[in-house]
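S.K.: For reference, the structure I am asking about is given below.
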Amino acid sequence: MKLQKKTIDEIMNGLILIFLHEPFKRLDILGVEVVKLEQNEQLEQNEKEQQMSFPVKVVIIGFFGGLIWSLVGYFAFYFNFIRVGPALVLMPWALGDWKNTYIGQWAGVVVIAVISIGVAFLYKVILQKVLSVWAGVGFGAILWGLVFYVFNPFFPGLKTVQSLDSNTIVTSLCLYILYGVFIGYSVSYEYAEQHHELSNNQSEENGEKD
């Protein structure tokens, strides 16, 4: 009788443990699944933020690249290292004599900064995967050739390259090359960083699944 009672007690204790343990076990499993789901959502959100932030970075790079190097160009023009200043960009339009004054130079700085955003996106489209200083050098030199050779007829008052003095040619070419390096290397670097981070996130996600 005592043995039977002991057996019944053991069975009851076992059932109690099962009923008590199973809910907690299920809660643990559910908690792990919730954590994994939150991690996956966070990874997806980070990827979306990174994908959205790269174009924004290109806008910032383009704007400040144009702003910085057009200001350097203005100072070079002010100290007579170069015959053309940032107001050159305003020359195709009949805006009055003010564009030949310092107001026109400052207005040219702002216009170049805005146009530079488009230039940065152009570099993004054609050369963003090339993380090299030389790509920026070539890009800047091509821009210089476009402005001073191809688009020269559209800028009244801009002499042909053959008629420009050596200081203007050398200084302007150096400014364009430095500008190209700034835009090119910055865009390519940000692209490489974004691509690297996305690859790491995907590797971590695949590792968690395995």
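The values are calculated or read from the model by the stated rules, or taken from the named source; none is laboratory data. Note that the structure is predicted; figures quoted are calculated from it, not measured. As a convention, Cβ positions derive from the backbone with ideal geometry for all residues, glycine included, and neighbour counts pool all protein chains shown. Accessible surface areas use protein heavy atoms only, side chains included; no ligands, DNA or RNA. Shrake-Rupley method; radii C 1.70, N 1.55, O 1.52, S 1.80 Å.
S.K.: Can you tell me how much longer the chain between Asn80 and Phe151 gets when fully stretched, taken as 0.36 nm per residue apart minus their C-alpha distance, in nm with one decimal?
M.R.: Additional length available on full extension: 23.2 nm.
S.K.: Starting with the highest mean, order 130-137, 58-65 by the number of other Cβ atoms within 10 Å, averaged over the residues of each peptide.
M.R.: 58-65, 130-137
S.K.: Let me ask another. Ordering Tyr179, Tyr149, Tyr191, Tyr102 by how much accessible area each has at a 1.4 Å probe, largest first, what is the list?
M.R.: The residues order as Tyr102, Tyr149, Tyr191, Tyr179, largest area first.
S.K.: Let me ask you something else. So what is the accessible area of region 54-179 per residue, in Å², with the probe set to 1.4 Å?
M.R.: Here the residues of region 54-179 average 56 Å² of exposed surface.
S.K.: Still on this model: Got a sec? What order do Tyr74, Tyr123, Tyr189 fall in by accessible area at 1.4 Å, biggest, i.e. largest, first?
M.R.: Largest accessible area first, the list is Tyr189, Tyr74, Tyr123.
S.K.: Further question on the same structure: Show Val84, Val72, Val110 ordered by accessible area, largest first, where the area counts protein heavy atoms only and the probe is 1.4 Å.
M.R.: Ranking Val84, Val72, Val110 by accessible area, largest first, yields Val110, Val72, Val84.
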